[in-house]
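Structure record follows, encoded as structure tokens.
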């Protein structure tokens, strides 16, 4: 589904990604781990199309299509979703209205009619239930005054509503207490299918106890220095990252 | 014969090309004669004094510190007709959209400066919602006029003096004590374009008695793209514990300019709010001054400005805290595109007596294009020592990270920008207490930002 070949990227003349190779198939869960500053968040931002990052070499293919020329919204329309570490507050726009806009813009871009209001409401209700989100929460302004946990849960809510092909969860576990972590993980697990893929970017192994990855990759200084199965995450937890450098 | 005629013509041409100031000065006598029936009140004296003041000072220029960033010269060069003619009729259906027609309201409507009884819905039952011309003429209003008229309007601002000199028509609203006016009052000034270039000088007098409550929506609307200059003066008196909510919708044609001078005087425990929405027009200058005359007063000043092209909006505000335990809350948001110019000058005076004052001022601006300018100047003059005063002024661009966040959810760039701008203006929007008006303004903002957001915000 997603192929990353020899990806090099820089921001403001600073090389951050220095030749990443990654192959993600439908139905798989990948975890990307690594110390601070290793390029984890840059990798997810580059996949999602953040314009400050310049791809200097290599390519990212989604279903064999090169993403290089595509704007962030076009990538979203093709099924890429990235949950943010620090979601933005939008006063005056409710969670419900925001997700409606996002879904209908995506449908429009894919040549579909808007989702009928009734179906939209049903879907919102079911998804909220799945993620144990209170209905009152949905009529609050997006992320405004949300706690760290609420923000993360809201990101997963949006992911569940948008049903992406490829979901990248960037440090979704940070700021979550154990109960919230379980709810989020439970949501992700329920949405996982043979047709989609999940990339979990994390510093710690904690989330991986609940969302079990098929592959774990260790990123250091802009390169993947080691790949392995889920046991690699435990090894990292025990030994730290230094032994890989 | 031929020569004489051509000389006559020349003289006529010269007279037509006369500077606006000269034209106004030579018109004053004729104007005074036309309103000479008002001799019972002091108004004649007031006009004469104001006229002299204007004659001596003329229009403000860029040399005047308060007008440094707002050049009047380009809008004064037109050959304005200063005596609009009566008689242009408008069908309600053609102007319906300029009214808040979804709800019941009183209406005081003027066409080219002349009262339109056809479009208006006035009353004298329980309170007066009518015309200033009537109040100036009829003896029964003499006491009220003598007590209030031109008592708080500036005697130092020549442009206000000009309005005072020619004051004749406008809204007269007098709400006695213990009265809640059950529906909003809309004051609308249309200009039809039957004059190629028209100058209007409306004058409003609003008196709200003790414990009374009123909501007023004011709008100036040009119906063609002919040049219009409006120099408006409004005096608002809020009695003890009165609540006054005032909304100014400034969404006029790009050929219309507005100088709005609004003076608010508040008695103890009153709450007065003026909300200014500036989206249209060529040049818009808002002089807004609050004078607190008792304790436990709250003054609210809110504004949203969204302009582009070469538009200019200048918000000049003053809050004068004279007594202890009062508050003022000021929030102005500005979004400037293209080569537009914003000016914000927020003066807050806390006099020595005014201990325990809470005065907050916030002015946030976003410049969308490199050619746009904002000149912002907070001025706090605090003479009391036990007060809480704050001011914050920001000038920025749209946050790239925020934009990326929205786009990563599939929202296209243009819509994402509009959503962020809407979010930016949102807190000032939340101050609107008439929900239908809030919806209207929200839609206006969406339209102004050029997007259909797919839902009512």
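Any read-out appearing in this document is the output of simple, stated calculations on the displayed coordinates, not a laboratory observation. Just so it is clear, the structure is predicted and the values come from calculations on it, not from any experiment. Cβ: placed from backbone, ideal geometry, glycine included. Neighbour counts: every protein chain shown.
Things worth noting here:
- Adding -39500 (n - 2.57) for every DSSP H run of four residues or longer, then dividing by how many residues chain B holds, sets the calculated 222 nm ellipticity at -7500 deg cm²/dmol.
- Taken residue by residue and averaged, Cβ atoms of other chains lying within 10 Å of the Cβ of B:409-421 number 6.
- Modelled FRET efficiency - R0 25 Å, residue B:118 with residue B:438, Cβ distances, 0.05 increments: 0.30
- If the segment from residue B:225 to residue B:401 were pulled out straight at 0.36 nm per residue, it would be longer than the present Cα-Cα gap by 59.3 nm.
- FRET efficiency estimate (nearest 0.05) - Cβ-Cβ, residue B:19 to residue B:156, R0 22 angstrom: 0.45
- Burial ordering of B:130, B:389, B:326, fewest other beta-carbon atoms within 10 Å first: B:389, B:130, B:326
- Model label points for residue B:97 and residue A:190, set 7 angstrom from Cα along the Cα-to-Cβ axis, are 4.6 nm apart.
- Computed from label points 7 Å out along Cα-Cβ, the spacing between residue A:86 and residue A:231 is 3.9 nm.
- Summarising the label geometry, the points placed 7 Å from Cα in the beta-carbon direction at residue B:384 and residue A:25 lie 7.6 nm from one another.
- Label point at residue A:214 placed 7 Å out along Cα→Cβ; residues across the stretch A:1-28 whose backbone nitrogen lies under 12 Å: A:1-2, A:23-28
- Span from the the stretch B:79-122 Cα centroid across to the the stretch B:178-200 one, whole angstrom: 6 Å
- Contact order relative to length of the stretch A:1-68, as percent, for alpha carbon pairs under 8 angstrom and 6 or more apart: 44 percent
- Of all DSSP beta bridges confined to chain A, the antiparallel ones make up roughly 60%.
- DSSP bridge orientation in the protein assembly as shown - percent antiparallel, rounded to nearest 5: 20 percent
- DSSP beta bridge pairing in the stretch B:2-293, given as percent antiparallel to the nearest 5: 10 percent
- Mean-position separation - Cα centroids, the stretch A:107-148 and the stretch A:48-86, in angstrom: 24 Å
- Average beta-carbon neighbours from other chains, 10 Å sphere, peptide B:238-247: 0
- Principal-axis tilt of helix A:148-162 within chain A, Cα atoms, nearest 10 degrees: 80 degrees
- Residue among A:91, A:72, A:35 with the largest mean-square fluctuation in a Gaussian network model of chain A, springs linking Cα atoms under 10 Å: A:91
- Potential extension, residue B:77-residue B:370 segment - 0.36 nm per residue separation minus Cα distance: 102.6 nm
- Shape analysis of chain A based on the Cα gyration tensor places the equivalent ellipsoid semi-axes at 29, 21, 16 Å, largest first.
- Note on the protein assembly as shown: percent of Cα-Cα distances in each 10 Å bin, starting at 0 and stopping at the bin with the largest distance, equals 3, 13, 20, 19, 14, 12, 10, 6, 2, 1, 0, 0.
- For chain A, the longest principal axis of the C-alpha atoms and the axis of helix A:117-130 are separated by about 50°.
- Note on residue A:6 and residue A:107: with the Förster distance fixed at 30 Å, the Cβ-Cβ geometry gives a FRET efficiency of about 0.30.
- Across the alpha-carbon atoms of chain B, the computed radius of gyration and Dmax are 22.3, 81 angstrom.
- Ranked packing of A:223-236, B:146-159, most packed first, by mean Cβ within 10 Å: B:146-159, A:223-236
- Angle of helix A:95-109 to the longest C-alpha principal axis of chain A, folded into 0 to 90 degrees and rounded to 10: 70°.
- The C-alpha atoms of the stretch A:47-136 occupy a region whose extents along the principal axes are 46, 31, 25 Å, arranged from largest to smallest.
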